[in-house]
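Read-outs throughout are calculated quantities, based only on the coordinates presented, and are distinct from any laboratory measurement. Note that the coordinates shown come from a computational prediction; the quantities given were computed from them, not determined experimentally. Reconstructed Cβ throughout: ideal geometry from the backbone, glycine too, with neighbour counts over all protein chains shown.
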Amino acid sequence: MHKNTQKFVITGGRRLCGEIALQGSKNSALPIMAAAFLAQGETVLKGCPKLTDVYSAMRILTCLGCRCRMEGSNAVIDSSSPGSFSISDELMGEMRSSIMFMGAILGRMGECEVSAPGGCELGPRPIDMHLAALRKMGAEINIRGGRIYCRLPSGRARGTKISLSFPSVGATENIILCAVRAEGETIINNAAREPEICDLCSFLRCCGADIKGDGESRIVINGIENLHGCEYTVMPDRIAGATYLSIAAAAGGELILKNACVAEMEPFLSVLEQTGCCVYSSENRIYLRRGGRLRAIKNRIRTMPHPGFPTDAQAVLMAALITAEGTSVFEENIFDCRYRHTDALIKMGADIEVMGKAAVIRGVDRLHGAEAEATDLRGGAAVAAAALSADGTTVLTGIGHIDRGYEKFEEAVTSLGGIIRRE
């Protein structure tokens, strides 16, 4: 990944007020872009967010022989004549979710060659779950020198029944991508139920796929030989929505989120309401107003697979609760190393104690600006949220992480009256 030396200079202490139209979902757009490789012909993805991860996915598709371009907010992918089944280490290392291309390439080409995503070593999860599922679908897999070689001896995967030990989003996506062009029926038990899985399946149905049960824990896919391109609108980004709502809750003020996916954000909204913010929603709008001091959340906030509280919203909500009255407790059940943002928050005056899976947040009266570094995507957004509520100025480096998931982040914050500039 290219080293991003830019930084945000953020001056906090201003109430925020205004409207933001939500971008298309990063976690939806990326697997759908991989799925576009399965379709013979041109796909137009409307509302595709302009993110560094999206451009990385376009580079991967280009190296596989597709023609890709952005037209405004539409990504146009022509996969009529793919010419390769191999992705270089450099391209695989650009984003963690690059591993989902494995199922799509295998489904279209009958073989694929990739490396572990993000340059990391093969761990017990999530890669092993992906590989075990693909082996069950008939793939012969060899791992040599950090490269993963997969081949379907007959050229097509075979339908089978797969029971996941954990409802992994990535593994569910990879199985779906491989199964839609397989021979016979594939059943996924304990499938991930995230809204982005439903969006992927909706896209594939538009391309001619036969998929039922997405959004439930049992998905049934009847494989067909060919898929065709289509026009499709990517769902709104519920995590970006949770981020901007958390920023407004942290700094105080009023925010209207337009183009919001209200039902999909309910697990987050129901917790946010407990802080004392006024939260109203209509079909595709969410209104938030924070008047006085926030209240701590009484019950432990446990991150869980959907429809539980989303792990991606844990850090940004924590940023709002730092100055809440009382003590809040988070329990992280999805990812290890998901509290790396706490060091920067403590530097800004937060009272946070991390004990394994748990983080205890004792509300403080105020935060102060500091020099801090974004260590990951959601953690970086959390530090920015805290900086906007703090006294003084924060210099936040490592903002390439934020650019992976938020389209024009500083412009959105500035439109609400926040003071943030990129240097």
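Figures for the structure shown
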| read-out | value |
| --- | --- |
| Sorted by Cβ density within 10 Å, fewest first, the residues Leu91, Leu51 | Leu91, Leu51 |
| Proximal lysine pairs, segment 26-233, alpha carbons under 15 Å, eight or more residues apart or interchain | 4 |
| Calculated SAXS-style log₁₀ I(q)/I(0) at q = 0.12, 0.14, 0.15 Å⁻¹ - segment 47-159, Debye, Cα scatterers | -0.43, -0.58, -0.66 |
| Charge-dipole axis of the chain as Lys and Arg at +1 and Asp and Glu at -1 on Cβ define it, positive-most pick from Cys207, Ser79, Ser246 | Ser246 |
| Ascending count of other beta-carbon atoms within 10 Å, so fewest first, for Arg362, Arg108 | Arg362, Arg108 |
| Partner aspartates and glutamates for Lys298 [C-alpha distance under 15 Å; skip if fewer than 8 residues away on the same chain] | Glu273, Glu325, Glu331 |
| Rounded to 5, the percent of DSSP beta bridges in the chain classed as antiparallel | 70 percent |
| Calculated SAXS-style log₁₀ I(q)/I(0) at q = 0.27 Å⁻¹ - segment 358-423, Debye, Cα scatterers | -1.32 |
| For the chain, built as a Gaussian network whose Cα springs stay under 10 Å, the top-fluctuating residue of Gly47, Gly326, Gly252 | Gly326 |
| For q = 0.13 Å⁻¹, Debye-computed log10 I/I(0) when each Cα of segment 26-233 counts as one equal scatterer | -0.61 |
| Leu22, Leu164 arranged by Cβ crowding within 10 Å, fewest neighbours leading | Leu164, Leu22 |
| Net charge dipole size for segment 287-423 [Lys, Arg +1 and Asp, Glu -1 on Cβ; Debye, nearest 20] | 520 debye |
| Cβ charges +1 (Lys, Arg) and -1 (Asp, Glu), total dipole of the chain, debye | 320 debye |
| Cβ-placed point charges (K, R +1; D, E -1), dipole of segment 26-233 about Cα centre in debye, nearest 20 | 240 debye |
| Inter-part distance where segment 207-259 and segment 43-121 are each reduced to a Cα centre, Å | 19 Å |
